[in-house]
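The values are calculated or read from the model by the stated rules, or taken from the named source; none is laboratory data. In this text, all values refer to a predicted model and were calculated from it rather than measured experimentally. So basically every Cβ, Gly included, is an ideal-geometry build from the backbone, and we count neighbours across all protein chains shown.
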Amino acid sequence: MTHPTDRHTDDFDDLDTLLAQARTLGPADLGAADRFLTRRRAARTRSRAGWLTGALASAALVAGLTVLRPATPLPGPLPSSAAYDAYQSAWGADW
């Protein structure tokens with residue numbers, strides 16, 4: 001007569017064998033891993049490029065608006081034009 005736990009031990013041996021086979025990598029597993037990693041790297045590169053494109057577009061927009069916006073007039077003469085006026089008055093009109 002066999003003991004009831006002997007049958008369970010055989011079941012566990014089969015399960016251990018099955019798990020050991022599942023852990024070994026074959027050529028199909030390595031190919032799938034390579035395809036996955038290639039797609040993952042390409043997706044990360046695209047997302048970085050998208051972020052950089054957005055940042056450059058924003059900078060171009062700010063620069064364009066700054067150039068196209070009319071400058072606000074400053075109160076009074078600029079310091080350089082005041083110096084020019086003083087220099088011109090010291091030398092006269094025909095210098």
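Are any residues in the stretch 15-29 within 33 Å of the chain's Cα centre (by Cα) and surrounded by 10 or more Cβ atoms within 10 Å (Cβ to Cβ), and if so, which ones?
Initial filter on the stretch 15-29 (within 33 Å of the chain's Cα centre (by Cα)): 28-29.
The one that is within 33 Å of the chain's Cα centre (by Cα) and surrounded by 10 or more Cβ atoms within 10 Å (Cβ to Cβ): 29.
Looking at the stretch 41-95, which of the residues that are at pLDDT 70 or above and among the aromatic types (Phe, Trp, Tyr) is surrounded by the most Cβ atoms within 10 Å (Cβ to Cβ)?
This residue is 84.
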